[in-house]
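All remarks here apply to the structure that follows.
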Amino acid sequence: MHSGWSRRRFVGALAGGAAAAALPACDGAPAPAATPTASPATGTSPSGRARRPSGPRPLYLGTYMSAEGGGKGIGVAAYDPSTGRITGSGTITGVGDPSYLALHPDRRTLYAVDERQDGAVTAVRLSDRKVLGSRSTGGAAPCHLSVHPGGRWLLSANYGSGSVAVHPIDASGALGERTALVRHSSPPPGPGQDGPHAHQFVTSPDGRHVLAVDLGTDTVYTYRLDERAGTLTEVARARTRPGAGPRHLTFHPGGRHVYLADEVGDSVTVCTYDPASGRLRVGEAQSTGAGPGQNYPAQLLVTGDGRHAYLANRGHNSIARYAIEADGARLRLLDTVPVEGDFPRQIAFSPEGTLLFAANQKSSTVTVFHVDGDSGALRPAGASFPSPVAVCALPL
């Protein structure tokens, strides 16, 4: 096993307490109707003040199948958009270690990483939950993927081998053979790292560039994607402070500021972004609100109105709430709220931004919070939902 992948698994992939019971098999149950959703690439909600819809909404859950007490595939559930209550309805099988999920812009196809030594990405048609096939990512342990806004290209990050890949998407939503694979061969690994570890690959809000966050090299790489050929050309790179270990970035809705969750350095960093060149300028590290003790920041979300940001703290087991000031240039820590679970690996907004979901890996639960549209305050939505080794929640 790749030693870098071992570190990732140590941080949480195979760790944790007793897992909850697996969801039942689908047995041909009809898929919930798809609805408009937020873009998972930018980590923003469409609106923090939108009216709550009525009727159940689909929720898909990622897991580690190879973990003790892990799942059997992609969990299928529904949630009440008013109360946040989750009800399980099945499992999509045929996908190995689907630890991260993304939706096509037309909302007809779901994509999952196969986070294994021989990494792959898989497409699932949502109308009948048919697996449309898998394609090799050309690397080890892919841990993140996103769909380019045009809907023609799938971007994925191989953590174990420190590379990023591009796959074409055809009219049916199925994936073609890989068109690009770039390994982060420089700069040298940061303190305590054994090599590059690509952790996220996303498109900028204006669609001009795609950005790869690499924890191992303490670097964010900016590429230009050729939308006809699916190839990548590096145009810029930004070094974070040594040992920061950047994991995920999130754009402010204004498009000129970026927030980095630094997994290794237990910090948040505000960066400026130049849309014309794709260059990031890295600012000073800021507090996660976790205090002393081990803490691994996981992911940041920003409300659609650009007024508040939220950070998942693994270890401190909290969600930090920030006020966003100076048109996105400054974060001010307001408070931290217990996540009511163990090791919140990933957080996501409901499409309207009125609910926040946290996938808690070690407690094998998903917790839900109501989001106040004015203050950004979080209020627990009720009992947590059991989901085996929950590492990703995708509400539609």
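Projection of the Cα convex hull of segment 268-376, averaged over all directions and equal to a quarter of that hull's surface, yields 7.4 nm².
Listed peptides 301-308, 152-159 appear in the order 152-159, 301-308 once ranked by packing, highest mean of other Cβ atoms within 10 Å at the front. Computed on segment 174-326, the Cα convex hull volume stands at 132 Å³ per residue.
For segment 114-233, the Kirkwood hydrodynamic radius comes to 14.3 Å, computed from all pairs of different C-alpha atoms.
In the chain, carbon and sulfur make up what percent of the accessible area (probe 1.4 Å)? Result for the chain: 50 percent of the exposed heavy-atom area is carbon or sulfur.
With n ≥ 4 as the cut-off for DSSP H runs, can you work out [θ] at 222 nm for the chain, using -39500 (n - 2.57) per run divided by the number of residues, rounded to the nearest 500?
Mean residue ellipticity at 222 nm (helix-derived): -500 deg cm²/dmol.
What's the ranking of 388-395, 293-300 by average number of surrounding C-beta atoms within 10 Å, highest first?
Ranking the peptides 388-395, 293-300 by packing returns 388-395, 293-300.
Among the GluC sites (Glu not before Pro) found in segment 196-269, those both in a DSSP coil and sparsely packed, with 12 or fewer other Cβ atoms within 10 Å of their Cβ, are E227. Regarding segment 318-396, what's the average projected area of the Cα-atom convex hull, expressed in nm²? Convex hull of Cα atoms, orientation-averaged projection: 5.4 nm².
FRET efficiency for the E284 to A236 pair, using the beta carbon distance and R₀ = 22 Å, is estimated at 0.60. Diagonalising the gyration tensor over the Cα atoms of segment 85-157 and scaling each eigenvalue by 5 before taking the square root yields semi-axes of 19, 16, 11 Å, largest first. Per residue, the chain exposes 36 Å² of solvent-accessible protein surface, assessed with a 1.4 angstrom probe and all protein chains in place.
Ordered from longest to shortest, the equivalent ellipsoid semi-axes for segment 76-116 are 22, 14, 9 Å, each the square root of 5 times a Cα gyration tensor eigenvalue. For the chain, the Cβ-based charge dipole about the Cα centre amounts to some 280 debye (Lys, Arg positive; Asp, Glu negative; other atoms uncharged).
When the Kirkwood hydrodynamic radius is evaluated over all pairs of different C-alpha atoms of the chain, what value in angstrom, to one decimal, is obtained?
About 20.3 Å for the chain.
Dipole orientation for segment 51-163: of the candidates G133, P58, A102, P58 has the Cα lying most toward the positive pole (charges on Cβ; Lys, Arg +1; Asp, Glu -1).
The values are calculated or read from the model by the stated rules, or taken from the named source; none is laboratory data. Because the structure is predicted, anything quoted here is derived from the model rather than measured. Please note: Cβ atoms are built from the backbone with ideal geometry, for glycine as well, and neighbour counts cover all protein chains shown. For accessibility, only protein heavy atoms count, side chains too; no ligands or nucleic acids. Shrake-Rupley method; radii C 1.70, N 1.55, O 1.52, S 1.80 Å.
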